[in-house]
Each structure stands twice: as C-alpha cells, then as structure tokens.
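Quick notes on the structure that follows.
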Amino acid sequence: MPCGGFFLGGDGTVLYNIFSLILDTVATVLAAILLLRFWMQTVRVRPPSSIAQFMFQLTDWMVKPLRRVVPGVGGYDWASLLGAFLIALLLVVVHLWIVSALSIQTVMVLSVLRLLQWVLYGFMGLIIIEVIFSWVNPHAPLAPLVRALTDPLMRPLRRVIPLIGGIDLSPLVAFILLRIALYLVDALILPLA
C-alpha cells in the first residue's frame with residue numbers, strides 16, 4: 001500500500017482533519033478575542049494596556065468596519081459580538097461546504113450553537129484561571145481583571161453556596177453548570193450536523 005494512500009486514509013480524512021484543526025484553532029482564537037472584547041466592555045473592565053493593544057490589533061480589521069453597520073447601542077460593543085458570530089458562521093459554512101450541503105436555516109442555527117460553545121468554553125477557561133490565581137498568586141496583576149470578568153457569573157452562586165472550611169466551592173459548581181450547558185449545546189448540534 002503506498003504511503004500517500006495510508007496518509008490520506010483513502011478518502012482524504014487525515015488531510016481534512018489537519019485542515020479542520022488549523023481552521024478551528026484560528027477561528028476559535030479570533031472569536032474568543034472578539035467575545036472577550038465584547039464581555040470586557042459589557043462588565044466595564046479595562047484590560048492592561050499590553051492585552052488591550054494585542055486585542056485591538058488582532059480584531060480592529062473586523063470590528064471597525066462592522067461598527068459602521070452595527071453601532072454600539074446601550075453601551076455594548078455589538079460589532080465585536082457580531083464579528084464573533086460571523087467567524088462562527090464562516091467556520092460552519094466552510095466545514096459544511098466540504099462535508100455536505102445543509103439548508104441556510106441549519107447553517108445559521110449551527111453557527112449560533114458554535115458561538116454559544118465558545119462562550120461556555122471561555123467562561124470555563126476564565127474560571128480555571130481565577131482558581132489558579134486564587135491558589136498561586138491572588139495579587140497577580142491580571143487577577144483583578146479575571147475576577148471582574150467572571151464576577152457576573154460567580155456572584156449569584158457565591159450568594160447561594162456557603163464557604164466550607166474557608167474554601168469557595170462556587171467555581172466548581174459554576175464549572176459543572178457550564179459543562180451541563182455544553183452537553184446540552186452539543187446534544188443540539190449532533191442531530192443538525
């Protein structure tokens with residue numbers, strides 16, 4: 001059997017998986033930064049200048065033109081949120097174009113669900129970072145930024161879940177709730193894809 005046939009898996013599966021990995025990684029990082037940009041403005045948090053400069057340089061090419069179409073209303077950066085959705089839409093369209101043809105409604109629903117997955121993963125990542133800061137260095141320069149970004153999610157849980165032996169278990173509960181939400185989103189994606 002020739003090496004090329006083995007590498008391609010006979011039907012190009014390996015090349016598709018490599019292409020998928022690269023595409024998913026680029027789309028997820030870009031969308032995560034757009035979502036973080038939206039969320040930081042929503043909770044009124046200013047990032048350190050180096051992080052802000054990185055975020056703006058990476059996303060301004062998309063956000064600035066979108067602001068002409070979708071201005072910030074109510075103090076929200078709708079252009080960043082729309083940019084993240086458009087990245088999800090493009091990712092779903094490219095994947096489905098390669099694999100199969102679905103209706104526009106299905107593509108839109110899958111794009112919204114992908115965006116929701118990114119939001120859930122983003123919160124999970126922020127909670128993990130907050131927990132690490134609380135254990136390792138609660139006075140780290142980025143610790144207040146991360147805490148401010150997770151506070152809208154954690155505050156209601158901290159009101160309900162008491163400290164046990166001086167330990168805050170609300171991050172664990174939040175993580176479990178986010179995982180449950182992720183399972184539900186995945187369950188919705190599976191029949192559509």
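The values are calculated or read from the model by the stated rules, or taken from the named source; none is laboratory data. These numbers come from a predicted model, not from an experiment. All Cβ positions, glycine included, derive from the backbone under ideal geometry; neighbour counts span all protein chains shown.
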### Message
Among the numbered criteria (1) assigned to a helix (DSSP H, G or I); (2) within 24 Å of Phe123 (Cβ to Cβ); (3) outside the structural domain of Ile127 (by TED's automatic domain parsing), which one does Met108 miss?
### Response
(3)
#### Entry: Residue identified as assigned to a loop (DSSP other than H, G, I, E, B), touching a residue at least 60 places away in the same chain (Cβ under 8 Å), under 30 Å from Tyr16 (Cα atoms) and not β-branched (Val, Ile, Thr) among Leu182, Leu102
Leu102
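Results for (1) among the β-branched types (Val, Ile, Thr); (2) assigned by TED's automatic domain parsing to the domain that holds Val146; (3) crowded, with 19+ Cβ neighbours inside 10 Å; (4) more than 21 Å from Tyr121 (Cβ to Cβ), shown as yes or no for each residue.
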{"position": "Val29", "(1), (2), (3), (4)": "yes, no, no, no"}
{"position": "Pro47", "(1), (2), (3), (4)": "no, no, no, no"}
{"position": "Met55", "(1), (2), (3), (4)": "no, no, no, no"}
{"position": "Arg68", "(1), (2), (3), (4)": "no, no, no, yes"}
{"position": "Pro71", "(1), (2), (3), (4)": "no, no, no, yes"}
{"position": "Gly74", "(1), (2), (3), (4)": "no, no, no, yes"}
{"position": "Ala79", "(1), (2), (3), (4)": "no, no, yes, yes"}
{"position": "Ala88", "(1), (2), (3), (4)": "no, no, yes, no"}
{"position": "Val94", "(1), (2), (3), (4)": "yes, no, no, no"}
### Message
Checking Pro71 against (1) assigned to a helix (DSSP H, G or I); (2) at pLDDT below 90, only one condition comes out false. Which one?
### Response
(1)
### Query
Does at least one position in the range 121-144 carry a residue that is farther than 20 Å from Leu35 by Cβ and either assigned by TED's automatic domain parsing to the domain that holds Val26 or among the basic types (Lys, Arg) (or both)?
no
### Task
All but one of (1) over 25 Å from Val29 (Cβ atoms); (2) modelled with pLDDT of 95 or more; (3) loosely packed, with under 14 Cβ neighbours inside 10 Å hold for Arg179, so report the exception by its number.
(1)
### Query
Any idea which residue in the range 74-93 is nearest to the chain's Cα centre (by Cα), counting only those that are within 11 Å of Arg37 (Cβ to Cβ) and in a helix (DSSP H, G or I)?
Ala84
## Note on the structure
Of the candidates Ala174, Ala140, the one satisfying the condition of being crowded, with 16+ Cβ neighbours inside 10 Å and either in a strand (DSSP E or B) or not aromatic (Phe, Trp, Tyr) (or both) is Ala174
### Query
Does Leu115 satisfy the criteria of being touching a residue at least 60 places away in the same chain (Cβ under 8 Å) and part of a helix (DSSP H, G or I)?
yes
## Note on the structure
Exactly one of Ile189, Ile180, Ile167 is over 17 Å from the mean Cα position of the chain (by Cα) and either under 23 Å from Phe38 (Cα atoms) or β-branched (Val, Ile, Thr) (or both), and that one is Ile167
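Looking at the range 158-172, is at least one residue under 30 Å from Leu192 (Cα atoms) and either in contact with an Asp or Glu (Cβ under 9 Å, 6 or more places away or on another chain) or of a type in the set (Lys, Arg) (or both)?
no
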### Task
Please tell me if Val109 is modelled with pLDDT under 95, closer than 24 Å to Asn17 by Cα, surrounded by fewer than 17 Cβ atoms within 10 Å (Cβ to Cβ) and within 17 Å of the chain's Cα centre (by Cα).
yes
## Note on the structure
Output for Cβ contacts, cut-off 9 Å, separation at least six or different chains, first residue within 11 Å of Leu145 (Cα to Cα) in the range 31-55, second of a type in the set (Gly, Ala, Ser) and assigned to a helix (DSSP H, G or I), reads Met40/Ala52; Met40/Ala148; Val43/Ala148; Arg44/Ala148; Val45/Ala148; Arg46/Ala52
